Amino acid sequence: MRLAGKHAIITGAGSGIGRASALLFAQEGASIVAADINLQSAEATARDIRQQGGKGRGVACDVTKASDIDALIETARQQFHQIDIVFNNAGVPMAFTPLEEVTEDLWDTIMAVNVKSLFLMCRAVIPIMKDQQSGVILNTSSTAAVRPRPGLTPYNASKGAVSVLTGSLALELAPFHIRVNAINPVAVDTPMLNEFIGAPSESGIQAGRQQFADTIPLGRLATPRDIAFAALYLASDEAALVTGTCLDVAGGRTV
Ligand SMILES: NC(=O)c1ccc[n+]([C@@H]2O[C@H](COP(=O)([O-])OP(=O)(O)OC[C@H]3O[C@@H](n4cnc5c(N)ncnc54)[C@H](O)[C@@H]3O)[C@@H](O)[C@H]2O)c1
């Protein structure tokens, strides 16, 4: 097993990429704290982990709130006594909007969930990882950081910040044997994708999905498992010399 004996916190674990990663990490031997703003969905992921024979616990956490993050870290610490992997995956999308029509509220929400959350989580967990002299921080960025689509400027900018934070923190934490990496997924078949498409009808959603797929050289959307396998590699000791990387899982879209 590739994560035997490891303890992991995964945010946004109630759906999509976070849920698929939680299930896969658990299959590979990790104990999981599955965190999500939606407690029911976090608990459903944890229940499925336990049903497949793994160790999982669901926790409510709004990643934009320092008090929630601190409580999450404390829960994990009490349960595990060690935190090996933190996967900052929770994020929010936006519908295509010209920048001049973007409200301050939308801008602030995107930046709070997609960027500030990483600051809060890393600030809380770094002292623990420094004490351990080990740890892996993994962030979900996006191809939006590398090859932005017009009409999504706040989202693209937020993922650009995730990617730069990843590299910067990788250098800062390398002396403590803490690795920091990110994944750049292309359009993934999760509930979030429909929110990006923002079409009112099923046929509009299907057309939007096809338009996304048509921009991907390998000819299909990503699945949550495609991203989870990349996360598994980066979280595992197989990636012991990999830090500061933003790994495209993009079917060739970023070439
Ligand atoms: N789906 C895509 O096309 C795509 C592409 C590139 C990157 N991403 C990124 O992947 C990550 C996961 O997205 P997904 O596609 O699995 O979406 P998803 O909608 O399936 O899952 C996102 C999860 O994050 C949770 N969440 C939202 N706000 C939160 C908060 N404040 N605190 C805690 N949890 C919160 C939601 O409840 C949900 O369970 C995000 O960071 C997203 O930006 C997605």
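Listed values, structure above:
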item: Condition broken by residue 218, with the remaining ones in (1) at pLDDT 95 or above; (2) farther than 20 Å from residue 87 by Cβ; (3) within 11 Å of the ligand (Cβ to nearest atom); (4) touching a Lys or Arg at 6+ places or on another chain (Cβ under 9 Å) satisfied; result: (3)
item: Residue satisfying all of: in region 228-255; of a type in the set (A, V, I, L, M, F, W, C), surrounded by 14 or more Cβ atoms within 10 Å (Cβ to Cβ) and assigned to a loop (DSSP other than H, G, I, E, B); nearest to the chain's Cα centre (by Cα) among these; result: 250
item: Hits in region 97-113 (condition: closer than 10 Å to residue 153 by Cβ and not in a helix (DSSP H, G or I)); result: 97, 98, 102
item: Meets criteria (within 13 Å of the ligand (Cβ to nearest atom), under 26 Å from residue 25 (Cα atoms), of a type outside the set (Gly, Ala, Ser) and not in a helix (DSSP H, G or I)) for residue 225; result: no
item: Residue count, region 130-160 (criterion: away from the ligand (no atom under 12 Å from the Cβ), surrounded by 23 or more Cβ atoms within 10 Å (Cβ to Cβ) and assigned to a loop (DSSP other than H, G, I, E, B)); result: 0
item: Among the candidates 83, 126, residue that is of a type in the set (Val, Ile, Thr), over 21 Å from residue 43 (Cα atoms) and within 20 Å of the chain's Cα centre (by Cα); result: 126
item: Residue tally, condition within 14 Å of the ligand (Cβ to nearest atom) and either touching a strand residue (DSSP E or B) at 6+ places or on another chain (Cβ under 8 Å) or β-branched (Val, Ile, Thr) (or both), over region 49-68; result: 7
item: Any hit, region 198-206, residues being within 12 Å of the ligand (Cβ to nearest atom), among the polar types (S, T, N, Q) and in a loop (DSSP other than H, G, I, E, B); result: no
item: Any hit, region 54-62, residues being in a loop (DSSP other than H, G, I, E, B), under 17 Å from the mean Cα position of the chain (by Cα) and assigned by TED's automatic domain parsing to the domain that holds residue 33; result: yes
item: Filter result for residue 141 (touching a strand residue (DSSP E or B) at 6+ places or on another chain (Cβ under 9 Å), modelled with pLDDT of 95 or more and polar (S, T, N, Q)); result: yes
item: Lone qualifier among 4, 22, 44, 34 - being aliphatic (A, V, I, L, M), surrounded by fewer than 24 Cβ atoms within 10 Å (Cβ to Cβ) and either part of a helix (DSSP H, G or I) or within 15 Å of the ligand (Cβ to nearest atom) (or both); result: 44
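Residues checked against (1) surrounded by 23 or more Cβ atoms within 10 Å (Cβ to Cβ); (2) closer than 25 Å to residue 194 by Cβ:
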{"site": "39", "(1), (2)": "no, yes"}
{"site": "110", "(1), (2)": "yes, yes"}
{"site": "113", "(1), (2)": "no, yes"}
{"site": "124", "(1), (2)": "no, no"}
{"site": "128", "(1), (2)": "no, no"}
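The values are calculated or read from the model by the stated rules, or taken from the named source; none is laboratory data. Nothing here was measured: the structure is a model prediction, and the numbers come from that model. No Cβ is skipped: glycine too gets one built from the backbone with ideal geometry, and neighbour counts run over all protein chains shown.
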